[in-house]
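Data block below; observations after.
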Amino acid sequence: MNSPMKYIFVVALFMLGMVPSSSAYAATAEAVNTQHSAEVLQQFNDDVVIAPERLIDVKRKHQILFWMGGSLLILILLAAGFGIAMGIFDKDVFIWHVLSAGLATTLAIAHGVVAFVWFYPG
């Protein structure tokens, strides 16, 4: 394969990145790409201004999540109590059981979403 086709094949492989390059060039290219990426991201962070309504102290966030968790615990205990009252004592509290279980589920989802939004690492 000593024809021009061999050179075309080598050039095509090089263009596809399949021919190994020198490690010095790769390290330099990686450093330039990292620096360029940081500069691009910095442009977006310069203009960020958080509205005063959204600026909540971490202590206040913890208090809100605490009260959400406390009310969630009460709703779960109510749902369990109504379920036991229906199952063991044959009481007619199905509506209250479903209502407290539905509210507990809704509050659990809201509690999880708020915790992820406020305290996601990063």
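The values are calculated or read from the model by the stated rules, or taken from the named source; none is laboratory data. Remember, it's a predicted structure, so these values are computed and weren't measured experimentally. Here the Cβ is made from the backbone with ideal geometry for all residues, glycine too, and neighbour counts use every protein chain on show. Areas reflect the complete protein model, heavy atoms only, side chains present, ligands, DNA and RNA absent. Shrake-Rupley method; radii C 1.70, N 1.55, O 1.52, S 1.80 Å.
In the complete set of protein chains, residue-level accessible area for LYS61 is approximately 30 Å², probe 1.4 angstrom.
Spin-label model, THR105/ILE50: points 7 Å from Cα along the beta carbon direction are separated by 3.4 nm. Sorting HIS111, HIS36 by accessible area puts them as HIS36, HIS111; the probe is 1.4 Å, largest comes first, and only protein heavy atoms count.
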